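These notes concern the structure reproduced below.
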Amino acid sequence: METELTGAEITVRCLQKEGVDYIFGYPGGAVLFIYDELFKQDKVRHVLVRHEQAAVHAADGYARSSNKVGVALVTSGPGVTNAVTGIATAYMDSIPLVVISGQVPTHAIGLDAFQEVDTVGITRPCVKHNFLVKEIGELAATIKKAFYIASTGRPGPVLVDIPKDVSQQTTVFRYPESVAMRSYNPVTKGHSGQIKKAVQLILGAKRPMIYAGGGVILSDAAPQLTELVQMLGFPCTNTLMGLGGYPATDPRFVGMLGMHGTYEANMAMQHCDVLVAIGARFDDRVIGNPKHFFNEERRIIHIDIDPSSISKRVKVDVPIVGSVSDVLVELIKQLKSRKETVDQAALDAWWAQIESWRSRDCLKYDREAPVIKPQMVIEKLYKVTGGNAFITSDVGQHQMWAAQFYKFDKPRRWINSGGLGTMGFGLPAAMGVQFANPGSPVACVTGEASIQMCIQELSTCKQYNLPIKIINLNNRYMGMVRQWQEFFHGNRYAESYMDALPDFVRLAESYGHVGMKIQQPGDVEDALREAFGLKDKLVFMDFVTDQTENVFPMVPGGKGLSEMILV
Amino acid sequence: MRHIISLLMENEAGALSRVAGLFSSRAYNIESLTVAPTEDPTLSRMTVVTTGSDDVVEQITKQLNKLIEVVKVVDLSEGDHIEREMMLIKLRAVGEDRQEIKRMADIFRGRIIDVTDKSYTIELTGTGSKLDAFLDGVNRSAILETVRTGASGIGRGERILKV
Ligand SMILES: Cc1ncc(C[n+]2csc(CCOP(=O)(O)OP(=O)(O)O)c2C)c(N)n1
């Protein structure tokens, strides 16, 4: 007779088969059998976080920085509800995760048992898919499917809910070699006829623009995007999620676009005659008011793996459904086979226009100020790390300054919650990044409000010796909220002042880390050098910054892209 | 515009709530929704009647296709199709009303399927507007109870929705 394994053993064996090296989690009653099996082996290493939200963010940071599936493990009830913010964050940014949750025993489901919640119901709107495993016989195949669904097509989080009795029952373990699902067959190759139409439009363009988003990063298509842009000589912008998809130090890069995008990127977006949208979804933070966007006439090519992203907010002329990398390979091939070239005279004139927009120097700030300007901290961070660090961020002004001033030349180096905008993401995400990239410099750019949302993870960082550098741009305000109140609510700063702040230096020290407080502009660079020199230490750098600095440019909500508030 | 969308999906627990949840979370209209297993017990067939602009309906079909358990989606209203809905209606039937109600049921090709000395229960099948017309035709105060299944639809001729 073949030996039978318990559901818990099968779960761990599946993770081993998937090549999972780290799993981020927190134990509890419903997952005790699974923890017992994790304990008995050492291939899948468990990282104990201090809050389930952090487990999911850490798995997420791991996935974003490595292109592997991130895995988290939480218990039933409050374990799951704590994890929901993390799951929704990953869902909005299309990050491949498998979240395993414990559930009360099958016979207790529906009886309001201790620590029971309808996990599948609660998470349904914020997962790519979820499963409740009711029978041990389905467990291995379900986990296989979960990894497959999470990582193919438009990626996303998949949750597998395992009742406690299922983790205890036994069956013969067989891990399926492959998955075939009649209801799920994501396309990869784009339609070559559509690509031909795109080539035609591109070659006829007078004022072209390439607008590339997170899809470029997710499909590992940065090399193809770079080749395309350089071959055509077109201007290129990246969304907040796409930064690093095209090298920011190249002159063809016109900066990030959108609500806090550069003047030149937003103006070029508004005034181009042919727009090539690549793995981007015309988000409300990107194009502002869609009506205003259509005041100008342009033809749009849209490449995306998700058909429902196409013509959702903006009607397009040439939709191409497929994985960005496959489509770009084909597009480049077709372009190379054509004798015609782009209209160079028109392109030169267009570049002259863009350069005049660029000369507006929209990111300028007072470099001589007697207080620390947050922008300057990011510029120095860029300088000190040689542009080579992994940068995670929280949500707020500091996030926008990091996006504007750290020039990302490589993909998967900029890790932020773009879609959901989750404060508290930065530190746990940095933990996942550090696990996926041991030995690489990892910095978390944050604010004094955001960092307090997952500050407990300083303890996790100590336990696993994660030498993350925390760059706290401390303006004593929920700066982004304060900025909106200043601009749109008559300077009434309702509840946006951060009172009763801890002494972050002593707080960091109490966890066994190094803390630094930096108050003078002249000290910023040296302090950063010192901190990054401490290669095996977490350093909490508390920068006391200008309290009332604002992020510019800004497209106010409901306004058009070219209606920016400029400094 | 009114659209009738048919889909085939895996006959699994929770599949229905994914579809219903999609409509509510994305604020799509839902006029009626019917679902039952097909001749292949691993598949369910669902018919959803919705209203929306062409853009919205395009999004609805794309979003439905995106659900992992949905195997196929067609917008039946894009071509020739047949639509039927069934209604059971219980009417107060006393005195001379009994004759009148029976006559109405005949005109609409309804069948009387339950009789008491005070009531008739009629089964009526047709398009939604036929059922509406029947309701308009009978004396409102005589209606004791109605139950409608919501529309089911099928393509005409060679238009077939199958895996
Ligand atoms: C969990 C969560 N709650 C509330 C918000 C709304 N919000 C966006 S930015 C912000 C302020 C962030 O302040 P801080 O972290 O100090 O960063 P700063 O803007 O000052 O750089 C708030 C409250 C959010 N994005 N996430």
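Points to keep in mind about this one:
- Checklist (1) under 26 Å from B:LYS66 (Cα atoms); (2) assigned to a loop (DSSP other than H, G, I, E, B) applied to A:ASN295, failing item: (1)
- Residue pairs meeting the criteria (Cβ under 6 Å; at least 6 apart or on separate chains; first more than 19 Å from A:ASP546 (Cα to Cα), in the range A:483-497; second in a loop (DSSP other than H, G, I, E, B) and within 14 Å of the ligand (Cβ to nearest atom)): none
- Subset tally (residues that are among the aromatic types (Phe, Trp, Tyr) and more than 9 Å from the ligand (Cβ to nearest atom)) for the range A:395-407: 2
- Listed by first and then second residue, the pairs with beta-carbon distance under 8 Å, at least 6 apart or on different chains, first residue in the range A:345-364 and in contact (Cβ under 8 Å) with a residue 24 or more places away in the chain, second aromatic (Phe, Trp, Tyr), are A:LEU347/A:PHE234; A:TRP357/A:TYR263; A:ARG358/A:TYR263; A:ARG360/A:TYR263; A:CYS362/A:TYR263; A:CYS362/A:PHE552; A:LEU363/A:PHE405; A:LEU363/A:PHE552.
- Condition met for B:THR42 (of a type outside the set (Phe, Trp, Tyr), surrounded by fewer than 18 Cβ atoms within 10 Å (Cβ to Cβ) and over 21 Å from the mean Cα position of the chain (by Cα)): yes
- Scan of the range A:510-567 for residues that are in contact (Cβ under 8 Å) with a residue 12 or more places away in the chain and of a type in the set (D, E, K, R), ordered by number: A:LYS517, A:GLU525, A:ARG529, A:GLU530, A:LYS535, A:ASP536, A:LYS537, A:ASP542, A:ASP546, A:GLU549, A:LYS559, A:GLU563
- Of all residues in the range A:336-395, those satisfying the criterion of being open to solvent by 40 Å² or more (accessible area, probe 1.4 Å) and among the acidic types (Asp, Glu) are A:GLU340, A:ASP343, A:ASP348, A:GLU355, A:ASP361, A:ASP366, A:GLU368, A:GLU379.
- Flag for B:GLU96 being away from chain A (no Cβ under 14 Å) and over 24 Å from A:SER183 (Cα atoms): yes
This table checks each residue for (1) under 30 Å from A:LEU328 (Cβ atoms); (2) open to solvent by 70 Å² or more (accessible area, probe 1.4 Å); (3) away from chain B (no Cβ under 12 Å); (4) over 33 Å from the mean Cα position of the chain (by Cα).
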| residue | (1), (2), (3), (4) |
| --- | --- |
| A:GLY121 | no, no, no, no |
| A:ARG124 | no, no, no, no |
| A:TYR148 | yes, no, no, no |
| A:VAL158 | yes, no, no, no |
| A:GLN169 | no, yes, yes, yes |
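Listed here are the residues, each with its yes/no results for (1) within 14 Å of the ligand (Cβ to nearest atom); (2) within 30 Å of A:GLU52 (Cβ to Cβ); (3) within 14 Å of chain B (Cβ to nearest Cβ).
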site: A:PRO374; (1), (2), (3): yes, no, no
site: A:LYS380; (1), (2), (3): no, no, no
site: A:SER393; (1), (2), (3): yes, yes, no
site: A:ASP409; (1), (2), (3): no, no, no
site: A:ARG413; (1), (2), (3): no, yes, no
site: A:GLY421; (1), (2), (3): yes, yes, no
site: A:PHE425; (1), (2), (3): yes, yes, no
site: A:ALA430; (1), (2), (3): no, yes, no
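- Residue tally, condition part of a helix (DSSP H, G or I) and more than 14 Å from every other protein chain (Cβ to nearest Cβ), over the range A:281-290: 4
- Restricting attention to the range A:36-51, the residues that are open to solvent by less than 50 Å² (accessible area, probe 1.4 Å) and either part of a loop (DSSP other than H, G, I, E, B) or out of contact with any strand residue (DSSP E or B) (no Cβ under 8 Å at 6 or more places or on another chain) (or both) add up to 3.
- Within the range A:119-166, the residues that satisfy the criterion of being charged (D, E, K, R) and within 24 Å of A:ILE95 (Cβ to Cβ) are A:ARG124, A:LYS128, A:LYS144, A:LYS145, A:ARG154, A:ASP161.
- Odd one out for B:ALA13 among (1) surrounded by 15 or more Cβ atoms within 10 Å (Cβ to Cβ); (2) among the aliphatic types (A, V, I, L, M); (3) within 14 Å of another protein chain (Cβ to nearest Cβ): (1)
- Filter result for A:ALA83 (open to solvent by less than 10 Å² (accessible area, probe 1.4 Å), away from every other protein chain (no Cβ under 14 Å), within 30 Å of A:ASN437 (Cβ to Cβ) and within 15 Å of the chain's Cα centre (by Cα)): no
- Residue identified as more than 14 Å from chain A (Cβ to nearest Cβ), assigned to a strand (DSSP E or B) and without any contact (Cβ under 8 Å) to a residue 12 or more places away in the chain among B:ILE89, B:ILE82, B:ILE112: B:ILE112
Matching residues to (1) at pLDDT 95 or above; (2) more than 26 Å from B:VAL147 (Cα to Cα); (3) among the small types (Gly, Ala, Ser):
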residue: B:HIS3; (1), (2), (3): yes, no, no
residue: B:PHE23; (1), (2), (3): yes, no, no
residue: B:PRO37; (1), (2), (3): yes, no, no
residue: B:VAL48; (1), (2), (3): yes, no, no
residue: B:ASP55; (1), (2), (3): no, yes, no
residue: B:GLN59; (1), (2), (3): yes, yes, no
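- Residues that are within 10 Å of the ligand (Cβ to nearest atom) and among the small types (Gly, Ala, Ser) were ranked within the range A:443-470; the one that is surrounded by the fewest Cβ atoms within 10 Å (Cβ to Cβ) is A:ALA449.
- Looking at A:ALA113, A:ALA72, just one residue is away from chain B (no Cβ under 14 Å), open to solvent by 10 Å² or more (accessible area, probe 1.4 Å) and modelled with pLDDT of 95 or more, and that residue is A:ALA113.
Conditions tested, residue by residue: (1) at pLDDT below 95; (2) open to solvent by less than 40 Å² (accessible area, probe 1.4 Å).
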position	(1), (2)
A:PHE173	no, yes
A:THR188	yes, no
A:ILE195	no, yes
A:GLN200	no, no
A:GLY204	no, no
A:ARG207	no, no
A:ILE210	no, yes
A:PRO235	no, yes
A:MET241	no, no
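- Residue count for the range A:293-318, restricted to those that are within 14 Å of chain B (Cβ to nearest Cβ) and either open to solvent by 70 Å² or more (accessible area, probe 1.4 Å) or in contact with an Asp or Glu (Cβ under 8 Å, 6 or more places away or on another chain) (or both): 6
- Counted residues, the range A:425-442 - those being open to solvent by less than 10 Å² (accessible area, probe 1.4 Å) and of a type in the set (Gly, Ala, Ser): 4
- Search result, residues across the range B:45-79 that are assigned to a helix (DSSP H, G or I), within 13 Å of chain A (Cβ to nearest Cβ) and either open to solvent by 50 Å² or more (accessible area, probe 1.4 Å) or of a type in the set (S, T, N, Q) (or both): B:ASP54, B:ASP55, B:VAL56, B:GLU58, B:GLN59, B:THR61, B:GLN63, B:ASN65, B:LYS66
- Candidates A:ARG476, A:ARG492, A:ARG506: the one that is open to solvent by 10 Å² or more (accessible area, probe 1.4 Å), of a type in the set (D, E, K, R) and more than 16 Å from the ligand (Cβ to nearest atom) is A:ARG506.
- Pair list, Cβ under 8 Å, 6 or more apart: the range A:396-411 residue in contact (Cβ under 8 Å) with a residue 60 or more places away in the chain and open to solvent by 20 Å² or more (accessible area, probe 1.4 Å), other residue near the ligand (Cβ under 10 Å from one of its atoms) and of a type outside the set (Lys, Arg): A:MET400/A:MET480; A:MET400/A:VAL551; A:GLN404/A:VAL551
The values are calculated or read from the model by the stated rules, or taken from the named source; none is laboratory data. Nothing here was measured: the structure is a model prediction, and the numbers come from that model. Here Cβ is always computed from backbone atoms with ideal geometry, including for glycine, and neighbour counts include all displayed protein chains. These area figures cover heavy atoms from the full protein model, side chains too; ligands, DNA and RNA do not enter into them. Shrake-Rupley method; radii C 1.70, N 1.55, O 1.52, S 1.80 Å.
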